[in-house]
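What follows is a set of notes on a single structure, which appears directly below.
The values are calculated or read from the model by the stated rules, or taken from the named source; none is laboratory data. Because the structure is predicted, anything quoted here is derived from the model rather than measured. Every residue, glycine as well, gets a Cβ built from its backbone with ideal geometry; the counts of neighbours run over all protein chains shown.
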């Protein structure tokens, strides 16, 4: 199982909320959102710089907290199981069973102060 830790900004969808949630019949909450990592993106000379995008899935109480706290543009650190899949000749990255680390309020970048894990 491949593990990954990344930091980036939450990408919102065109239909509104940045985080989508669903509950199972047993009451377990799942939250899904996208994170863009624009820090280091290799490009060829003259190419537009594109980011790396990850679909993140959070489960349980952490999913409920994510739904309340995250908005489009929120900075977040994510750790979890990396799943790579290919669809129509494009690679997609998913982080399953993710753990989130939120920067303290008023901080916009990692490393500014001690982070508060959830």
Restricting the search to segment 66-99, which residues are within 15 Å of residue 37 (Cα to Cα) and touching a helix residue (DSSP H, G or I) at 6+ places or on another chain (Cβ under 9 Å)? 76
Which one of the conditions (1) touching a strand residue (DSSP E or B) at 6+ places or on another chain (Cβ under 6 Å); (2) within 17 Å of residue 10 (Cα to Cα); (3) modelled with pLDDT of 90 or more does residue 52 fail to meet, given that it meets all the rest? (3)
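A quick yes/no check of all residues on (1) modelled with pLDDT of 75 or more; (2) crowded, with 16+ Cβ neighbours inside 10 Å:
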| residue | (1), (2) |
| --- | --- |
| 11 | yes, yes |
| 16 | no, no |
| 27 | yes, no |
| 33 | yes, yes |
| 44 | no, no |
| 81 | yes, no |
| 84 | yes, no |
| 93 | yes, yes |
Residue 116 vs. criteria closer than 18 Å to residue 5 by Cα and at pLDDT below 80: yes
